[in-house]
Amino acid sequence: MCGIIGKIGKVNCMKDVLEGLKKLEYRGYDSAGVAVFTDEGVKRVRAVGNISALEEKLAGTNLDGRLAVGHSRWATNGNVTEKNAHPHRAGRFTVVHNGIIENAAALKTAYFENDAFESDTDTEVAAKLLDKFYDGDAGRAIRQAQRLMTGSWALGILCDDCPGTLFAAANGSPLLIVKTESGNYIASDAGAAPDPIEVTKVENCEYAAVTADGYTVYNENGDALQKAPLAVAAGALSLDKGGYDHYMMSEIMQQPEAVRRTLEALPDSDFIGDAKEIRLIACGSAYHAGLVGARLFEAVRRIPARAEIASEFRYADPIIGRETLCIFISQSGETADTLAALRLAKEKGAPTLSIVNVPGSAIATESDRVILTQAGREIAVATTKAYSAQLAVFYALALGRSEALSRLPEAIYTAIAENDGKCRRLAERIAGCRNIFFIGRQLDNAVSQEGSLKMKEISYLNSQAYAAGELKHGTISLVEPGSPVIATVTDPAILSKTMSNLHEVKARGAFTIVITTRALAPGLEADVTLTVPDVGPMLAPSVAVIPMQLMSYYTAKALGCEIDKPRNLAKSVTVE
């Protein structure tokens, strides 16, 4: 959720830490703060709001030093207030934290029952543990604190007695050491540091001591480790918007290339094997990709398959075993519920396959097998290109490689080019509405779920998706005159059924929009018809989602919403 960064160099580094924080703001923007080692000791500044609010407070302070940490917060424990903003300080330790310490209340009672706390956060408990166990050896204090804490954390740590060392510790939350020409960083995302020479991950229960000249990573027993740096693909850390106003639009435009790269990089291997059933487990948009995957596996490979919401799966005591292939889908590879579901599947003896966009992530590392999508770095909270890359993987796994699949990137490009202007104009009409409905059947319903999520994520309008046949079972009572109803119709076998449902809402005053293929469009009755290239019903979700993404983007833009950083949301959900 939150973003953390720290840097130690041979010259002042506050400017670099602030620039890194701006690159991490997509992970959380409720509040922000920095702490820096100065000639007068550790100083910190915190502010409610985004990084610009922090910069205003820093203006004129001349706060600088060779060692600093910063934090952008997505609130979990404690309200959005300055006292709850990071960094937190206890005794000789200053801490920034991404994650959640689940037993913080128990630790308070056991060790600090009579102590006063400055904040309502679990992070302050971590800082107080470090100070409690400190005997002149910061590494030993970190090890003792990590043994007591449960949950997830990535910690950036300053110790008053160690002005030349930046400490880091991790368990279940992403934390990287990034070596650059100007110094060494710790960060939630390697892209927060400019021109990385080397990137190393701090794994679960490990901690690190980082200096201006190098770094050492230790295991939970304090033994120094020989860590192999991660392979970082060229362009994977790019933060260029490509001339667009928002990352989301830039990433929409990158989808043809993301799909092409993903298909080209996909190993020529049988990932399904002799599985008797398949479970596809994910959250949010990745779950919607799983809905498509499940339908394809059943329709084409005739293997029983179903998509599961990770937060439900992990508590359902699922009946799975060695004949059940469990596929876990996550852009970040760090999604907390999906990671917990993966560990449950492994406990039950099920083979596991992950589809992730980040090499070296927890889900990728812990799965039996992994397929890496090649979407490149995705910044906008509302996913677009990572979702499309996930769909491409499922097409290849279920349908196999084909000429039609190889032409899919071109079809996506055409869908963008032909619908951009239409969706921009349509958004002005949608922006004035109170409720929006997406309907479809089978794969059209699966992609409608994603379209509805995009709309509500960034425009804040009440958007719902329903299987078209369910309209008469309650939902139609919500349709008012002028309510937009967006029907996806890409399968000729069920075209008449979905259009019948659309006519029912039209009779009640709905403003009807159809997303369909060029071949099916003639004769369809709707207020607006948006067409996409004919790629066949199985591949249609990849082109049908494009008008939905564009409508969502332009609607949010018309409403003046913060498109890349929608309220209350964060890019990587690393807490339950």
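The values are calculated or read from the model by the stated rules, or taken from the named source; none is laboratory data. In this text the structure is predicted, and so the values were computed from the model without any measurement. Glycine gets a Cβ as well: all are built from the backbone with ideal geometry, and neighbour counts include every protein chain shown.
Pairs linking a residue in the range 6-19 that is under 16 Å from Pro87 (Cα atoms) to a residue that is surrounded by 18 or more Cβ atoms within 10 Å (Cβ to Cβ) and basic (Lys, Arg), with Cβ atoms under 7 Å and 6 or more positions apart or on different chains, are Val17/Lys7.
Taken over the range 108-128, residues that are buried (at least 17 other Cβ atoms within 10 Å of the Cβ) and more than 30 Å from the chain's Cα centre (by Cα) amount to 1. Here the condition is being among the β-branched types (Val, Ile, Thr), modelled with pLDDT under 90 and closer than 30 Å to Ala398 by Cα; of Val532, Val573, Val545, it holds for Val573 alone.
Restricting attention to the range 352-360, does a residue exist that is surrounded by fewer than 19 Cβ atoms within 10 Å (Cβ to Cβ), assigned by TED's automatic domain parsing to the domain that holds Ala380 and over 28 Å from Arg441 (Cβ atoms)? Yes, the range 352-360 contains a residue that is surrounded by fewer than 19 Cβ atoms within 10 Å (Cβ to Cβ), assigned by TED's automatic domain parsing to the domain that holds Ala380 and over 28 Å from Arg441 (Cβ atoms). The requirement of being in contact (Cβ under 8 Å) with a residue 40 or more places away in the chain and not in a helix (DSSP H, G or I) is fulfilled nowhere in the range 385-393; no residue meets it. When Pro484 is tested against (1) touching a Cys at 6+ places or on another chain (Cβ under 6 Å); (2) more than 19 Å from Asp527 (Cα to Cα), just one condition goes unmet, and that condition is (2).
Could you go through the range 247-262 and let me know if any residue there is closer than 30 Å to Ile8 by Cα and modelled with pLDDT under 95. Among the residues of the range 247-262, at least one is closer than 30 Å to Ile8 by Cα and modelled with pLDDT under 95, which makes the answer yes.
If you go through the range 438-451 and keep only what is surrounded by fewer than 24 Cβ atoms within 10 Å (Cβ to Cβ), out of contact with any His (no Cβ under 7 Å at 6 or more places or on another chain) and on the phi < 0 side of the Ramachandran plot, you end up with Arg441, Leu443, Asn445. Per the listing Glu480, Glu504, Glu450, the residue uniquely without any contact (Cβ under 8 Å) to a residue 60 or more places away in the chain, outside any loop (DSSP other than H, G, I, E, B) and acidic (Asp, Glu) is Glu504. Whether a residue is small (Gly, Ala, Ser) and at positive phi was assessed, and Gly284 passes this test. Taken over the range 317-331, residues that are surrounded by fewer than 24 Cβ atoms within 10 Å (Cβ to Cβ) and either assigned to a loop (DSSP other than H, G, I, E, B) or among the aliphatic types (A, V, I, L, M) (or both) amount to 7. Residue-level check: of (1) outside any loop (DSSP other than H, G, I, E, B); (2) in contact with a Ser or Thr (Cβ under 9 Å, 6 or more places away or on another chain), Glu525 misses just (1). Here is the figure for the range 516-534: residues that are of a type in the set (A, V, I, L, M) and under 14 Å from Ile416 (Cβ atoms) total 2.
Just to be sure, is Gly70 over 24 Å from Ala382 (Cα atoms), in a loop (DSSP other than H, G, I, E, B) and modelled with pLDDT of 90 or more? No, not satisfied. For the range 73-93, a residue qualifies if it is at pLDDT 90 or above and of a type in the set (D, E, K, R), and the qualifying residues are Glu82, Lys83, Arg89, Arg92. Answer yes if at least one residue in the range 72-80 is surrounded by fewer than 17 Cβ atoms within 10 Å (Cβ to Cβ), in the same structural domain as Ala168 (by TED's automatic domain parsing) and in contact with a Lys or Arg (Cβ under 9 Å, 6 or more places away or on another chain), and no otherwise. Yes: one or more hits.
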